[in-house]
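What follows draws every value from the coordinates through simple rules; no lab data is involved. Because the structure is a prediction, the values reported are computed rather than measured. Using ideal geometry, Cβ is built from the backbone for each residue, glycine included, and neighbour counts are taken over all protein chains shown.
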């Protein structure tokens with residue numbers, strides 16, 4: 001026998017680390033250290049953040065995945081579409097597949113150069129052993145079976161096997177058929193007289209490891225992938241240009257919002273509803289409305305009919321700006337509303353005066369809103385519709401919001417006509433609660449960017465919860481698939497022994513020791529599958545928290561940038 005090259009000597013040394021149970025030592029997973037866990041966690045996060053590019057590649061990692069006979073059967077395709085569902089296994093499937101077919105090989109004849117290059121120790125074996133081992137190594141199930149995954153990317157890229165989603169009880173006929181597809185490994189999976197003991201150990205270790213690969217390729221499940229869990233957060237539309245607020249139509253949202261409230265304080269507002277005067281109820285509703293507005297909004301209050309006069313002519317000139325346009329100060333505003341209803345309804349004159357109040361706020365920099373709360377029609381002979389139209393056509397361009405507060409039929413008709421003439425909104429309010437409800441949507445519109453920020457934060461919170469729920473559901477799916485995978489490997493391993501594909505005390509024990517042994521000292525695929533799950537879902541939650549923090553930061557930055565623009 002010729003002297004083996006140095007590379008061959010090194011390979012021999014690596015494979016001589018143990019026999020029997022110990023022979024798997026060089027093929028099992030290594031124990032995870034905390035530092036490695038953290039590094040892997042960071043890598044996973046980077047991988048997920050950058051779009052999971054690894055997952056976009058073809059699944060196969062060894063050979064040509066397209067040739068893998070562990071997938072692609074009609075029954076397998078059905079299970080891939082519904083991996084956790086039931087499947088009716090027909091006896092006709094695989095009837096032509098026999099145990100002899102399980103020994104099918106490719107390229108009968110002498111060892112090819114590629115095989116010798118991959119397994120240089122073959123040439124050191126007896127000719128008969130070379131020939132039989134070649135049949136095993138060139139079998140499609142062995143040649144195309146990917147290595148046992150050692151990290152998350154390998155696991156998620158691993159193609160689902162023929163038995164993925166199947167259950168030995170419900171799909172009983174499929175398991176014997178699948179076991180029959182395996183080549184016969186025995187007696188080469190057991191310790192025997194190889195002629196060259198060193199090369200024999202390498203051959204035995206290789207056969208056992210390839211058998212474990214084959215079982216995994218036939219049973220592998222498709223584990224949840226990050227791109228199936230995550231979906232992008234979509235922020236609410238920005239209130240740029242114009243805001244659509246239900247029946248408010250399209251009102252321009254500009255840097256400064258001014259609101260002038262015109263409150264009827266005529267004698268009819270002394271009437272009581274539920275023990276309080278309409279004037280008292282109106283005060284409460286208006287102050288509640290103003291308390292919800294953002295700080296940047298300027299407010300003014302004009303009252304009419306709140307003072308007695310010696311003549312009707314004098315009474316019809318009673319209209320006073322009791323709170324000039326400026327920031328809302330609750331105490332001062334409340335004092336301004338401390339009046340006694342007593343006079344006439346001079347609505348036309350008051351609308352005209354409102355134009356004077358707002359004349360310094362013309363042009364594209366301002367959104368001006370006139371809110372009129374009244375319980376009746378004009379009683380001073382003026383034309384409020386004409387005055388409202390004139391104000392609407394001015395450079396002030398106010399938006400009118402009119403509320404008939406327990407108004408009489410004539411008052412409702414006139415207030416509604418004003419709103420129609422100027423493209424505003426009219427609403428009835430029969431009591432205090434109704435008045436508050438009618439002012440609320442206007443407050444939401446006036447809040448503009450503040451309301452947008454509130455909506456965006458709520459949407460972000462909802463999105464995070466939805467993603468957390470999806471991750472929790474995927475974690476349960478992982479557990480289900482991992483349990484089924486290990487169970488199916490056990491079942492297929494037992495069947496392979498019964499069909500004498502593998503030795504009872506060698507290859508089968510090797511699979512147990514490397515795949516699913518749960519003894520405290522064992523380092524198996526099953527144990528590392530659980531470790532990977534822990535790291536994977538920890539990474540997903542960390543990614544979710546990072547995304548949520550970034551979303552909140554982006555919302556706040558957008559909001560603050562708009563506010564800075566308003567100041568300028």
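Per-structure values
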| read-out | value |
| --- | --- |
| Selected residue [closer than 26 Å to residue 317 by Cβ and either free of Cβ contacts under 8 Å to residues at least 12 places away in the same chain or touching a helix residue (DSSP H, G or I) at 6+ places or on another chain (Cβ under 9 Å) (or both)] from 367, 379 | 379 |
| Residue tally, condition in contact (Cβ under 8 Å) with a residue 12 or more places away in the chain and in a helix (DSSP H, G or I), over region 122-159 | 21 |
| Residue tally, condition assigned to a helix (DSSP H, G or I) and in contact with a helix residue (DSSP H, G or I) (Cβ under 7 Å, 6 or more places away or on another chain), over region 475-504 | 14 |
